[in-house]
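The values are calculated or read from the model by the stated rules, or taken from the named source; none is laboratory data. Just so you know, these numbers come straight off a predicted model, no measurement behind them. Heads up, the Cβs are rebuilt from the backbone with ideal geometry, glycines too, and the neighbour counts pull from every protein chain shown.
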Amino acid sequence: MFSTKRLRFRQLKLSDVPELMKHWNDPELRQYVDQGLFPMTEEQETEWIKKTHSDMMSGKAYFFGFEYNKKFIGSVGLMNVNNVARYATMGITIYNKAYWGKGLGTEAVRFILEYAFNILNLKTVHLEVWSDNERAYKAYERAGFKKQGRKRNYKFLKGKYVDAILYDITREEWNKKGEKVIMNY
């Protein structure tokens, strides 16, 4: 278990599924996750949480649930971890829209970058975000990610094609930024 100024990070739990499901099939949220707009079932989310546990044990991925004021509100993680080349793909979701726009996503991203670079000793973390998700890419840029490219017309959302914007950050850039995250264990 880790904590930052406002958030507490811990392993995802099966008991998180009911809270997650209250929000997970909201089209406004679903449009920004890679699985698309299709609804997910409680059973699928239960299996996903179980998979995060086995992936963490094998070093393939590291996912954390996070709480704000003792309420589970989201998850953040590193997936596709390559322990030889020392890189991973980052993902984050704040499930409950009441917590969007409060800087909590940026705080969670900073936590996972600190974990990636100074605990796992990764070299690079990358991600992609849809071009119409301004709130997300501004949070990534605040955390130090740099835009690296674009996949044009990559996803069809709300009647139009949007691009996938590619971002990354290196350990050197993160450490040079000097924005250390105080993590309590």
Does the stretch 91-99 contain at least one residue that is buried (at least 16 other Cβ atoms within 10 Å of the Cβ) and over 21 Å from Trp48 (Cβ atoms)?
no
Surrounded by fewer than 16 Cβ atoms within 10 Å (Cβ to Cβ) and either among the β-branched types (Val, Ile, Thr) or modelled with pLDDT of 90 or more (or both) - does that describe any residue in the stretch 29-38?
yes
Any idea how many residues of the stretch 70-105 are assigned to a helix (DSSP H, G or I) and more than 10 Å from the chain's Cα centre (by Cα)?
4
Output the residues belonging to the stretch 150-173 that are part of a helix (DSSP H, G or I) and either at pLDDT below 95 or among the acidic types (Asp, Glu) (or both).
Glu172, Glu173
For the list (1) of a type in the set (D, E, K, R); (2) in a strand (DSSP E or B); (3) touching a residue at least 40 places away in the same chain (Cβ under 8 Å), I need the number of the one condition that Lys147 fails.
(3)
List every residue pair whose Cβ atoms sit under 6 Å apart, with the two residues 6 or more apart in sequence or on different chains, where the first one lies in the stretch 97-123 and is more than 19 Å from Asn133 (Cβ to Cβ) and of a type outside the set (Phe, Trp, Tyr) and the second, anywhere, is modelled with pLDDT under 95 and not in a helix (DSSP H, G or I).
Glu114/Val181
Which of the residues spanning the stretch 72-87 are at pLDDT 95 or above, over 19 Å from Met57 (Cβ atoms) and not hydrophobic (A, V, I, L, M, F, W, C)?
Arg86, Tyr87
Contact list please: Cβ distance under 8 Å, first residue in the stretch 1-20 and hydroxyl-bearing (Ser, Thr, Tyr), second residue assigned to a loop (DSSP other than H, G, I, E, B) and loosely packed, with under 14 Cβ neighbours inside 10 Å, pairs at least six apart or on different chains.
Thr4/Ile182
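Going through the stretch 39-52 one residue at a time, which ones are among the acidic types (Asp, Glu) and surrounded by fewer than 16 Cβ atoms within 10 Å (Cβ to Cβ)? Steps first, answer last, please.
Of the stretch 39-52, the ones among the acidic types (Asp, Glu) are 42-43, 45, 47.
Of everything in the stretch 39-52, those that are among the acidic types (Asp, Glu) and surrounded by fewer than 16 Cβ atoms within 10 Å (Cβ to Cβ) turn out to be Glu42, Glu43, Glu47.
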